[in-house]
1. Just a yes or no: is a residue in region 87-100 at pLDDT 70 or above and surrounded by 10 or more Cβ atoms within 10 Å (Cβ to Cβ)?
2. Being over 14 Å from Phe85 (Cα atoms), modelled with pLDDT of 85 or more and hydroxyl-bearing (Ser, Thr, Tyr): is that true of Tyr12 here?
Amino acid sequence: MPKVDIKSIVKYFNKDELIDLISIAQGILSALFSSDEIKDNIKESRFSKGYECPKYQCKDVNKNGKSRGRQRYICKRCRTTFYKFTMSSFSSTNLGLDKWLKYCELMI
């Protein structure tokens, strides 16, 4: 199957078409992966070369305790604290991934 530049196609979609696309993608993802697999895939894609500061991509980071059971990290250069989902679509929610996906389905 040839590769398609999805970004060039999606930029011309209207709101309803984008909502339909998101709904289809969520259905495919939930059928293919469990929430743990999705989390692992996100972590692997973001930090395959080690943890780095999401602000300046500095690789000089330390562990910085845990918050709500999640390992926190701190950048030695800019002192930014983060965890594995900082600056991702899961960063500004207190919901677990399963609940977050269900919430997104309800919004559509």
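The values are calculated or read from the model by the stated rules, or taken from the named source; none is laboratory data. Keep in mind it's a predicted model, so treat the numbers as computed, not measured. Cβ placement follows ideal geometry from the backbone for every residue including glycine, while neighbour counts extend to all protein chains displayed.
1. No, region 87-100 contains no residue that is at pLDDT 70 or above and surrounded by 10 or more Cβ atoms within 10 Å (Cβ to Cβ).
2. Working: over 14 Å from Phe85 (Cα atoms): yes; modelled with pLDDT of 85 or more: yes; hydroxyl-bearing (Ser, Thr, Tyr): yes.
When the stated conditions are applied, Tyr12 passes them.
Residue by residue, here is whether (1) modelled with pLDDT under 85; (2) under 19 Å from Ile6 (Cβ atoms); (3) assigned to a helix (DSSP H, G or I) holds:
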{"residue": "Ile22", "(1), (2), (3)": "yes, yes, yes"}
{"residue": "Gly27", "(1), (2), (3)": "yes, yes, yes"}
{"residue": "Asn41", "(1), (2), (3)": "yes, yes, yes"}
{"residue": "Glu52", "(1), (2), (3)": "yes, no, no"}
{"residue": "Asn64", "(1), (2), (3)": "no, no, no"}
{"residue": "Arg72", "(1), (2), (3)": "no, no, no"}
